[in-house]
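Participant: Pasting a structure here, questions to come.
The values are calculated or read from the model by the stated rules, or taken from the named source; none is laboratory data. Since the model is a prediction, treat every value here as computed from it, not as a measurement. Heads up, the Cβs are rebuilt from the backbone with ideal geometry, glycines too, and the neighbour counts pull from every protein chain shown. Just so you know, the surface numbers come from the protein's heavy atoms only, side chains and all, with ligands and any DNA or RNA stripped out. Shrake-Rupley method; radii C 1.70, N 1.55, O 1.52, S 1.80 Å.
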Amino acid sequence: MRKTALYIVFLITGIAGKAQMHPEVEGEIIEHTFFTLCYQEQYEQPAWVMYMLTPSRVADKVIKRTDDFRPDTLVSTGSSELADYYKSGYDRGHLCPAGDMGFDTTAMSESFYMSNMSPQLPGFNRYIWRYAESQVRKWVVECDSMLVITGPLFCSDSLNTIGEHEVGIADYFYKALLFYKDDQMQTAAFLIPHEEGLKGHWNYIISVDSLEQFSGYNFFSDLDEEIEEAIEKEVFEGW
């Protein structure tokens, strides 16, 4: 088996969740059944959420959306709560989307932990962010598997917040994607300003290298260095 194929076996079996496929960011690592996150108390939301998608997971829409939003008891400092969003003008924006978790009852339910939420403007969450999520699912069905890492980025000198727990309002949202197909690996990334009225999610596709330079994060660092450098520098244009 090729080296790249070995890596993807690690991903599918969950070993990569404990390895260094995610960026090193200060925060508490929380492992749920189908996704892992790094919770940052200062923002009351994750720096990143990481999960695996396959064509069968995307196709198996057997569980309906539950909307059972609730605090995450695994967060030692306590997660944000529903009350933080009440009349705030912001949506509870999923990072690991409920639309990706319809293959399993537990997966769907756990996607509604408040630790998986980030405040998003309605005109962002319901439009360009939703389109980016849909694009990811379309790409998944064209490959064998995909590792998704997604989260908010805070760039402003001053931090706007909502609620009693002072949940931070992000300046950008990103997705870093690692595709595997036929013993080949490719990457793609989204970097989208947190603004309403944006159109054309294709306009916000960049290389993982560019996302790393902007965010300061190092994605997929457990890959062989030569492989990582080769696949992260290109802007994905499809298979």
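Participant: Accessible area of the chain with a 1.4 Å probe: how many percent of it is carbon plus sulfur? Write out the running numbers ahead of the final one.
Facilitator: On the way: 5080 of 10950 Å².
About 46 percent, which is the carbon plus sulfur part of the accessible surface.
Participant: Mean 1/r over all different Cα pairs, inverted: what Kirkwood radius does the range 23-98 give, in Å?
Facilitator: Taking every pair of different Cα atoms in the range 23-98, averaging 1/r and inverting gives 14.1 Å.
Participant: Right, another one. Please find the FRET efficiency linking THR161 to ASP67, where r is the Cβ-Cβ separation and R0 is fixed at 35 Å, and quote it to the nearest 0.05. Don't skip to the end; give the middle numbers.
Facilitator: On the way: r = 24 Å, r/R0 = 0.69.
About 0.90, to the nearest 0.05.
Participant: Here is a further query. Can you spot the aspartates and glutamates whose alpha carbon is less than 17 Å from LYS181's alpha carbon? Ignore those fewer than 8 places along the same chain.
Facilitator: Correct list for LYS181: GLU142, ASP144, GLU228, GLU232, GLU234, GLU237.
Participant: Counting other C-beta atoms within 10 Å, and keeping those with at most 12, which DSSP coil GluC sites (Glu not before Pro) do you find in the range 20-124?
Facilitator: Hits after loop and neighbour filter: GLU24, GLU26.
Participant: Also, quick follow-up: Protein chains only, probe 1.4 Å: how do ARG70, ARG65, ARG130, ARG92 rank by accessible area, largest first? Could the numbers behind the result be given before it?
Facilitator: Working: ARG70 60, ARG65 140, ARG130 110, ARG92 90 Å².
Final ranking, largest accessible area leading: ARG65, ARG130, ARG92, ARG70.
Participant: Let me ask you something else. For SER56 and GLU31, what does the FRET efficiency come to when R0 = 25 Å and r is the distance between their Cβ atoms, rounded to the nearest 0.05?
Facilitator: 0.65
Participant: Going by accessible area, probe 1.4 Å, with all protein chains left in place, what is the ranking of TYR51, TYR86, TYR127, largest first? Numbers along the way, then the final one.
Facilitator: Working: TYR51 5, TYR86 160, TYR127 115 Å².
Largest accessible area first, the list is TYR86, TYR127, TYR51.
Participant: For LYS175, LYS181, LYS87, give the ranking by accessible area with the largest first, probe 1.4 Å.
Facilitator: Output order, biggest surface exposure first: LYS87, LYS181, LYS175.
Participant: Right, another one. Between the range 140-167 and the range 52-91, what is the separation of their alpha carbon centroids in Å?
Facilitator: About 13 Å separates the Cα centre of the range 140-167 from the one of the range 52-91.
Participant: Determine the gain in length on full extension of the stretch PHE214-GLU24; use 0.36 nm per residue of separation and subtract their C-alpha separation, reporting nm with one decimal.
Facilitator: Stretched out fully, the PHE214 to GLU24 stretch lengthens by 66.9 nm.
Participant: Right, something else. Assign unit charges at the C-beta atoms only (+1 for Lys and Arg, -1 for Asp and Glu), then state the dipole size of the chain relative to its Cα centre in Debye, rounded to the nearest 20.
Facilitator: Result for the chain is approximately 1020 debye, rounded to the nearest 20.
Participant: Here is a further query. Between Rg and the Kirkwood Rh of the range 113-239, both from Cα atoms, what is the Rg to Rh ratio?
Facilitator: 0.99
Participant: Using only alpha carbon pairs under 8 Å that are at least six residues apart, calculate the relative contact order of the chain and give it in whole percent.
Facilitator: On the way: 489 pairs, mean separation 50.4, N = 239.
It rounds to 21 percent for the chain.
Participant: Using a 1.4 Å probe, what is the accessible area per residue for the chain, in Å²?
Facilitator: 46 Å²
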